[in-house]
1. If packing is taken as the average count of other Cβ atoms within 10 Å, what order do 11-24, 241-254, 81-94 fall into, highest mean first?
2. Taking all protein chains together and a probe of 1.4 Å, list HIS32, HIS130 from the most accessible to the least accessible.
3. Given that compact globular proteins tend to follow 2.2 N^0.38 Å, what is the ratio of the alpha-carbon Rg of the stretch 36-164 to that value?
4. Once both axes come from the Cα atoms, what is the angle between helix 309-321 and the longest principal axis of the chain, in degrees from 0 to 90, rounded to 10?
5. Can you give me the accessible area per residue for the stretch 1-125, using a 1.4 Å probe, in Å²?
6. Averaging sequence separations of C-alpha pairs under 8 Å and six or more residues apart, then dividing by the length of the stretch 138-197, give the relative contact order as a whole percent.
7. Sort 299-307, 227-235, 209-217 by the packing proxy (mean of other Cβ within 10 Å over each peptide's residues), most packed first.
8. With runs of 4+ DSSP H residues as the only contributors, calculate the mean residue ellipticity of the chain at 222 nm using -39,500 (n - 2.57) per run, divided by the residue total and rounded to the nearest 500.
Amino acid sequence: MTPLSALLPNELAGALALKPAYRGKQIFSWIHERLVFDFNSMGNLPAFLRRDLAGRAVAVDLEEEQRLEDGDGTVKFRFRLKDGKAIESVILQDRRGRATACLSTQVGCAMGCLFCRTGSLGFSRDLGAHEIVDQFLLLRAFRRSSMSVPFADISSVVFMGMGEPLANLDNLRQAIEVLAYSGFSRRRITVSTCGLVEGIRALAAGQLAVRLAISLISADREVRTRLMPINRSNPLPRLREALLDYQSKLGKRITLEIVLMAGINDRPEDVEALVRFVRGGNEQQPLKVLVNLIPWNALPEFPYQKPEPGRIEWFEGRLRQAGIPVTTRISRGSAVCGACGQLG
Ligand code: SAH
Ligand code: SF4
């Protein structure tokens, strides 16, 4: 069975040997604009083609296995893949009712960040482009069918679910191409990375043209290396240069995500290292960033704690005083374990 969700119209026509070729465009429109996944309901296709497609292709390959809804508008989905493995995706809703789809790019993750539940699972495999697009389509279909909400669609997409997106760059790229072709603006898509320099360079070179978020955690070399093994091969100075490269080529503000853990990375040394990282030293250009402070979301099997509210305010205040834009993320979805870092 050929999965179709990550194919552009001309690729659909090619892969399915469709004649005339405009059938590719029709099928794309059914799947991505009208969110119709059953070939039988694709009214403008001839009956023989509908039967033929049903026998050899699938529009959406993931199977929804579980759906947990939190009181605050968060919905966590667990999807079963064809090989029996499972992934999770989350809809997060802000106070105004706008929905963000948080998508996974891998089963597990190889990066081994000490504070992350997905990291503690280890790496299983990359998701195919169609498995990435399928999550978006199913979340979008769910959202459009829940009529009681003011914004009945997905407003933005963040690749902050399971896995490291830039370690699965080709499939990520194909998935984003398909979303963009279906009319979902690249400006509303954010890729979050633990800081893979090569992948950031690829983004800077004009591939994707989406927004970038970095899980920085700490700008103190020793702390970051302890919590994020990737900092050994992708050290902070090289990361910073890659960010400058992205910034100068795409002109976009970069989000720096700091998951704050009491006594670990909320110390004066950490905030000062962060200020220096953003400002740059002599003759270095400053980074144009938004710092996003994320108070640690509790995970029973992990030895960390969220800082006291006063500590978070102090950290935020120091950044503000240094002229660095900063927000503190209110945790949503923790009741269904759909908050940051709780996937797995
Ligand atoms: N691999 C990518 C994207 C997935 S991680 C990356 O690392 O950026 C998604 C986000 O969840 C990251 O910003 C990570 O720092 C954060 N996170 C991980 N564990 C967390 C926890 N327990 N509490 C709050 N945020 C967490
Ligand atoms: Fe992987 Fe991101 Fe978790 Fe690190 S924080 S282990 S890169 S998913």
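The values are calculated or read from the model by the stated rules, or taken from the named source; none is laboratory data. Bear in mind that the values here come from a model prediction, so they are computed numbers and not experimental data. Please note: Cβ atoms are built from the backbone with ideal geometry, for glycine as well, and neighbour counts cover all protein chains shown. Just so you know, the surface numbers come from the protein's heavy atoms only, side chains and all, with ligands and any DNA or RNA stripped out. Shrake-Rupley method; radii C 1.70, N 1.55, O 1.52, S 1.80 Å.
1. Details: 11-24: 15.1, 241-254: 16.7, 81-94: 18.9.
The peptides rank, most packed first, as 81-94, 241-254, 11-24.
2. Numbers: HIS32 10, HIS130 40 Å².
From most exposed to least exposed: HIS130, HIS32.
3. Working it through for the stretch 36-164, the quotient is 1.18.
4. Tilt relative to the chain: about 90 degrees.
5. Values: 5820 Å² over 125 residues.
Accessible area per residue, the stretch 1-125: 47 Å².
6. Details: 41 pairs, mean separation 22.2, N = 60.
Relative contact order of the stretch 138-197: 37 percent.
7. 209-217, 227-235, 299-307
8. On the way: 12 runs with 118 residues, N = 344.
Calculated from helices alone, the mean residue ellipticity at 222 nm is -10000 deg cm²/dmol.
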